[in-house]
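Worksheet: one structure, shown below.
Laboratory data are not the source of any read-out in this text; all were calculated from the coordinates shown. Predicted model only: the values in this text are computed from it and were never measured. For neighbour counting, all protein chains shown are included, and Cβ atoms are generated from backbone atoms with ideal geometry for every residue, glycine included.
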Amino acid sequence: MTLEQLIAIMPTAQQRATRFFPYLSIYMREFGIEGAKREAAFLATIAVESGELRYTREIWGPTPQQERYEGREDLGNTEPGDGERFKGRGLVQITGRSNYAKVGEALQHDFIASPPSLEAPDFACASACWFFASHGCNELADADNFKAVTKRVNGGLTAYDRRLAYYEKALQVLSATGEPS
């Protein structure tokens, strides 16, 4: 993937793309997100999850859904304040104390002690690539199962039409320039 391709896929992200591109290039390669199918699935996912690289932190209301983060043992939110403290961060919105611990172990950084560090472009990109690869999304993309990629990342099919539009556009952009699939 090139910077020009990233901008073609996420046209409103031009300045942000310049800031994120170096990290995306490094970590996509490191986590095996290579080839048109994997890259398209990943880029479509982060386009929606981050608002075309606009958000690396969940906008906090709190909404009724966000209020349910508090005390959720499945997210590891066992201490008072964990819901907001470990809100979604990074390009795929890593959420919950236990997920912060897992990504911290993988990236060798203490996100429990410093949750906002997941918002920085390097960690936002690295965490998204780690999540995508470690949750089997590369293999789902290889199998042309973008719907399963969406469910794996999002837990459902929220904004699936938008995700699919980005996916199709990314496939077109990446394939038009000879990216291997």
*For the range 69-160, with only Lys/Arg (+1) and Asp/Glu (-1) charged at the beta-carbon, what is the dipole magnitude about the Cα centre, in debye rounded to 20?*
200
_About the Cα centre, and with charges only on the beta carbon of Lys, Arg (+1) and Asp, Glu (-1), how big is the dipole of the chain? Nearest 20 debye, please._
300
_Let me check against my output: what whole-number percent is the relative contact order of the chain, with C-alpha pairs under 8 Å and at least 6 apart?_
29
*What does the convex hull of the alpha-carbon atoms of the range 109-181 project to on average, in nm²?*
6.1
*List, in order, the whole-Hz ³J(HN,Hα) value for each residue of the range 80-92 obtained from phi through the Karplus relation with A = 6.51, B = -1.76, C = 1.60 and θ = phi - 60°; use x for Gly and Pro.*
x, x, 4, x, 6, 4, 10, 5, x, 9, x, 6, 10
*the range 6-45-the range 84-140 distance, computed between alpha-carbon centres (Å)*: 17
*What order do you get for SER98, SER114 when you list them from fewest to most C-beta neighbours inside 10 Å?*
SER114, SER98
*Along the positive direction of the dipole of the chain (beta-carbon charges: Lys, Arg +1; Asp, Glu -1; about the Cα centre), which of VAL173, GLY90, GLY155 reaches farthest?*
VAL173
*Each label point is 7 Å from the Cα along the Cα-to-Cβ direction; what then is the distance between the points at ASN145 and THR2, in nm?*
3.4
*asked:* Students often forget the sequence filter, so: which lysines lie under 16 Å Cα-Cα from LYS102 once same-chain residues fewer than 8 apart are removed?
replied: LYS87
*asked:* Let me make sure I get this right: for the range 64-119, a, b and c are the square roots of the gyration tensor eigenvalues over alpha carbons, sorted descending. Under 1.5 in a/c it's rounded, otherwise prolate if a/b > b/c, else oblate. Which is it?
replied: prolate
*Along the charge dipole of the chain, Cβ charges K/R +1 and D/E -1, which of THR78, PRO22, ALA40 sits furthest on the positive end?*
ALA40
*Run down the aspartates and glutamates and flag those whose C-alpha is under 12 Å from the C-alpha of LYS147, throwing out any fewer than 8 positions away in its chain.*
ASP161
_Cα shape, the range 21-62, gyration tensor, a/c 1.5 rule_ = prolate
*How would you classify the chain from its alpha-carbon gyration tensor, with a ≥ b ≥ c the square roots of the eigenvalues: rounded for a/c under 1.5, else prolate if a/b is greater than b/c, otherwise oblate?*
prolate
